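Read the structure below first, then the notes.
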Amino acid sequence: IESEKTSLKEGERYKPYTVTVYCIKNITSRIFYLPEMRSACTKLKYVLQFWTKQFQTHNIPDPKSSTEFIIAHALGKKTLFGVEPDTLLSKTQTDHVKSFCKMRLTRMPVQYILGEWDFLDLTLKMRAPVLIPRPETEELAELCCDTLSHLPSGEGQVFLEIGPGSGAITLSLLKRYPELQAVAVDISEEACKLTELNAHNTGTSDRLRVINGDIVDSQVFEQLRTHAPFCLAVSNPPYVTTAEMASLQEEISCFEDHRALHGGEDGLDVIREVLLRCSQLIQPGGHLWLEVGESHPPLVEKFTAFQETWKELPRQLVYKSTITDLYGKPRFCHLITS
Ligand SMILES: C[S@@+](CC[C@H](N)C(=O)[O-])C[C@H]1O[C@@H](n2cnc3c(N)ncnc32)[C@H](O)[C@@H]1O
């Protein structure tokens, strides 16, 4: 254990150290020696400097933005935009920052620490290990909205999401289209509970049916069939390959559910099941939107074109297009049923 010399700034006290021991998933024990901050009112800029420096010292990714989000939360805000650097933080607020920053030192993602995160125009509760929605997924929800805006509107239109996680995609669509109904199926009980909680908080629960189950399970499929046909299906399934799983950031590998991430050897295990099931659940001329790994779109296209079993199915999926994400990576597959 190394203690490092810290140059003192106004608002900082070098001694005594606080010793904090963390245990992450029973694997890693960590001890942090943290210089104490003065407990009286402290200016925001010093709290920001102090914790950013601690995070840098301990190699925590995004040190400044992590600290900013935590301080903003202590002030009852979402960001520090427009907040004066000389703003005084009370003892309660600095203690709040301290306890949250200690969690961040364990590599816990800011979204789980704060317990909520924004997705498009919704604020959703976040709880480990349910996957934190990524910025790309906002694009997927927008693509679905665009498709839905071109479909005949009216009551009775139902869409399906496979793997809603926190409910981000489904709830955004339900919020935007008040006549739509949805069915969401997830293998994770925690994800189902979080989707239900977020549906309740966003006033959409009366139009949503959440099913806890595996899409591969024939009983789950029969249950889905009772709600079919769906005008649209959407899924951001687990698509990380076995090789990629070994190099995930600690924030992801230690805190997020591996069932939400790992898609098998080639990352396509759940994607293939989604394609097979959706071909039978979507109405003729209906749509399927998928978020996949950047190497996957040609493989999805090939699978829909050449799979032998495909031909025995009553309806077939036709690959329509690949859309790139905000980073320029091929990310979204659009298919329609014949
Ligand atoms: C990548 S996460 C997506 C979560 C959310 N839709 C989002 O975009 O933030 C994949 C989700 O699929 C669920 N899942 C994985 N395998 C599944 C399966 N076989 N059947 C149903 N859900 C599954 C996981 O539990 C997880 O919630």
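General observations
- Flag for Leu224 being open to solvent by less than 10 Å² (accessible area, probe 1.4 Å) and more than 20 Å from the chain's Cα centre (by Cα): yes
- Of all residues making up region 18-65, the number that are exposed (fewer than 14 other Cβ atoms within 10 Å of the Cβ), modelled with pLDDT under 65 and of a type in the set (A, V, I, L, M, F, W, C): 6
- Some residue of region 114-128 being among the hydroxyl-bearing types (Ser, Thr, Tyr), under 18 Å from His200 (Cα atoms) and modelled with pLDDT of 95 or more: yes
- Leu335 passes every criterion in (1) touching a residue at least 24 places away in the same chain (Cβ under 8 Å); (2) open to solvent by 10 Å² or more (accessible area, probe 1.4 Å); (3) in a strand (DSSP E or B) apart from (2).
Residues are listed down the side, and each one gets a yes or a no for (1) open to solvent by less than 30 Å² (accessible area, probe 1.4 Å); (2) among the aromatic types (Phe, Trp, Tyr); (3) not in a loop (DSSP other than H, G, I, E, B):
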{"site": "Ala233", "(1), (2), (3)": "yes, no, yes"}
{"site": "Pro237", "(1), (2), (3)": "yes, no, no"}
{"site": "Ser247", "(1), (2), (3)": "no, no, no"}
{"site": "Cys278", "(1), (2), (3)": "yes, no, yes"}
{"site": "Gly285", "(1), (2), (3)": "no, no, yes"}
{"site": "Ala305", "(1), (2), (3)": "no, no, yes"}
{"site": "Tyr319", "(1), (2), (3)": "no, yes, yes"}
{"site": "Gly328", "(1), (2), (3)": "no, no, no"}
{"site": "Arg331", "(1), (2), (3)": "yes, no, yes"}
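- Condition check for Leu80: open to solvent by less than 40 Å² (accessible area, probe 1.4 Å), of a type in the set (A, V, I, L, M, F, W, C) and either within 18 Å of the chain's Cα centre (by Cα) or within 15 Å of the ligand (Cβ to nearest atom) (or both): no
- Hits in region 207-221 - residues which are assigned to a strand (DSSP E or B) and open to solvent by less than 40 Å² (accessible area, probe 1.4 Å): Leu208, Val210, Ile211
- Residue within region 234-247 that is in contact with a Ser or Thr (Cβ under 7 Å, 6 or more places away or on another chain) and either at pLDDT 95 or above or away from the ligand (no atom under 14 Å from the Cβ) (or both) present: yes
- Yes/no for Ala243 being over 17 Å from Gly286 (Cβ atoms), within 19 Å of the chain's Cα centre (by Cα) and among the aliphatic types (A, V, I, L, M): no
- Close pairs (7 angstrom Cβ cut-off, 6 or more residues apart or separate chains): free of Cβ contacts under 8 Å to residues at least 12 places away in the same chain in region 199-218, within 16 Å of the ligand (Cβ to nearest atom) anywhere: Ser205/Glu196; Ser205/Ala199
- Considering region 253-262, and only residues there that are within 13 Å of the ligand (Cβ to nearest atom) and not aliphatic (A, V, I, L, M), the residue that is farthest from Met126 (Cα to Cα) turns out to be His262.
- From the options Glu265, Glu273, Glu250, residue that is away from the ligand (no atom under 13 Å from the Cβ) and either within 22 Å of Asp217 (Cα to Cα) or more than 26 Å from the chain's Cα centre (by Cα) (or both): Glu265
- One residue from Ile132, Ile113 being in contact (Cβ under 8 Å) with a residue 24 or more places away in the chain, closer than 27 Å to Gln54 by Cα, within 9 Å of the ligand (Cβ to nearest atom) and open to solvent by less than 40 Å² (accessible area, probe 1.4 Å): Ile132
- In region 144-191, residue nearest to Cys333 (Cα to Cα) [restricted to those that are within 9 Å of the ligand (Cβ to nearest atom), in a helix (DSSP H, G or I) and open to solvent by less than 20 Å² (accessible area, probe 1.4 Å)]: Ile169
- Leading residue by the ranking (surrounded by the most Cβ atoms within 10 Å (Cβ to Cβ)) among those in region 192-206 that are under 19 Å from Gln111 (Cα atoms) and away from the ligand (no atom under 12 Å from the Cβ): Ala199
The values are calculated or read from the model by the stated rules, or taken from the named source; none is laboratory data. This is a predicted model, so every value here is computed, not measured. So basically every Cβ, Gly included, is an ideal-geometry build from the backbone, and we count neighbours across all protein chains shown. Note: areas computed on protein heavy atoms with side chains; ligands, DNA, RNA excluded. Shrake-Rupley method; radii C 1.70, N 1.55, O 1.52, S 1.80 Å.
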